[in-house]
Amino acid sequence: MNAHHDHEFDRINAALDRLAESDGAAAPASLESNVYRASRAALRSDGAPRPRIGWGLGLRLAAAAALLAGTIGVISTLNRAGPQPAPAANVTAAAFETWLALDDLFDDGFGTRLGVVSTDADRLSQPEAEEWDDMEDSL
Amino acid sequence: MPPALERTDPAPGVAPDDGRLADVLAAASRGDADAWREIVDLYARRVFALVHSKCRRPDLAEEVTQSVFVTVASKLSRGGYTERGRFESWLFRVAMNRARDEMRRMARQATPTDPATVAAALDRATENGERTRNEAPLDALREAMSSLSEPDREVIELRHHGGLSFKQIADLLGEPMGTLLARHHRALRKLRSMIEDVARAEDEE
């Protein structure tokens, strides 16, 4: 089977081929069927590539949930802790901290998108913000 | 289902058409049972021969062969292998590693063999009458194989038992082609020398 250029080794090559054949012949006649049966289950049958969802995403989601729960707890505690000089500032600071943590966790831009939504929400809740003033002035 | 692959045994070494092989592998990776059966039919005996050459135990060789194909099926179906014309190198790398692990587990090491031992093996084979004339020289050759260094022996086994081309072996072992050819040449020379010593000893008797 081997087209070795060196004819001086033809005989030993042929003997090695016979040896390989002999080793293959040591297998039971049912080898292929046995191997097929043993390995068939390892093949999928749905045809679609398996999504690679591992522990990484799960852990990130769990960490995000824990951070959110913690932030809500902090906000609740601050709100119950009597009169605060500037509760809104505390709430904003806590939300910002959560924000940074979420942004780190979701490096695929999710944090950034969430940031845009949050900023928009803040603006809507503060109609006295400068932009509105400017707009009113311009009218 | 892609067109049927032509079996290469009992004359391994002739690689199936790369395009067809790629089609069959793609079908198998999608869970096509017939395609997987073709892969098994094409390569199982070659993998078995390679492993059997190392361990000389048919039961163990079959067990290792099965585990190799389970690994390959699993990798294929998970997209862990992309066909780039190197399937055989990959398959036999898995087989070699698995066989090596098994040998290590069994703490079985090749013992140096001198021509006298080879001759004794040949005598035993001839005397007990159970072996045919063709099998006796194979026993001597097998004994001679066990005297080779592990790297030399691997090249011989991948070439003759696995039926791989030198390029495939070079890919598999990650060695330059020149180094590989030199090693193969050296191994053949050693084997030939040992077999000739045995024949000479027989002539003198």
*If B:G85 passes every condition in (1) within 13 Å of chain A (Cβ to nearest Cβ); (2) at pLDDT below 85; (3) at positive phi but one, which one does it miss?*
(1)
*What number of residues within region B:62-82 are facing chain A (nearest Cβ under 7 Å) and free of Cβ contacts under 8 Å to residues at least 40 places away in the same chain?*
7
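Yes or no, residue by residue, for (1) over 15 Å from A:A42 (Cβ atoms); (2) surrounded by fewer than 17 Cβ atoms within 10 Å (Cβ to Cβ):
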residue: B:R46; (1), (2): yes, no
residue: B:V51; (1), (2): yes, no
residue: B:C55; (1), (2): yes, no
residue: B:D59; (1), (2): yes, yes
residue: B:E62; (1), (2): yes, no
residue: B:V68; (1), (2): no, no
residue: B:S74; (1), (2): no, yes
residue: B:E88; (1), (2): yes, no
*asked:* Just to be sure before I move on: is A:S39 modelled with pLDDT of 90 or more, polar (S, T, N, Q) and either within 35 Å of the chain's Cα centre (by Cα) or part of a loop (DSSP other than H, G, I, E, B) (or both) in the structure I sent?
replied: yes
*asked:* Restricting to region A:7-32, and then to whatever is at the interface with chain B (Cβ under 7 Å from one of its Cβ atoms) and among the small types (G, A, S), can you tell me which residue is nearest to B:I156 (Cα to Cα)?
replied: A:A20
*For region B:147-160, which residues satisfy the criterion of being over 12 Å from B:K190 (Cβ atoms) and not hydrophobic (A, V, I, L, M, F, W, C)?*
B:E150, B:P151, B:E154, B:E157, B:R159, B:H160
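The values are calculated or read from the model by the stated rules, or taken from the named source; none is laboratory data. If you're wondering where the values come from, they're calculated on a predicted model, not measured in any experiment. A quick note on method: Cβ atoms are made from the backbone with ideal geometry, for glycine too, and the neighbour counts reach across all protein chains shown.
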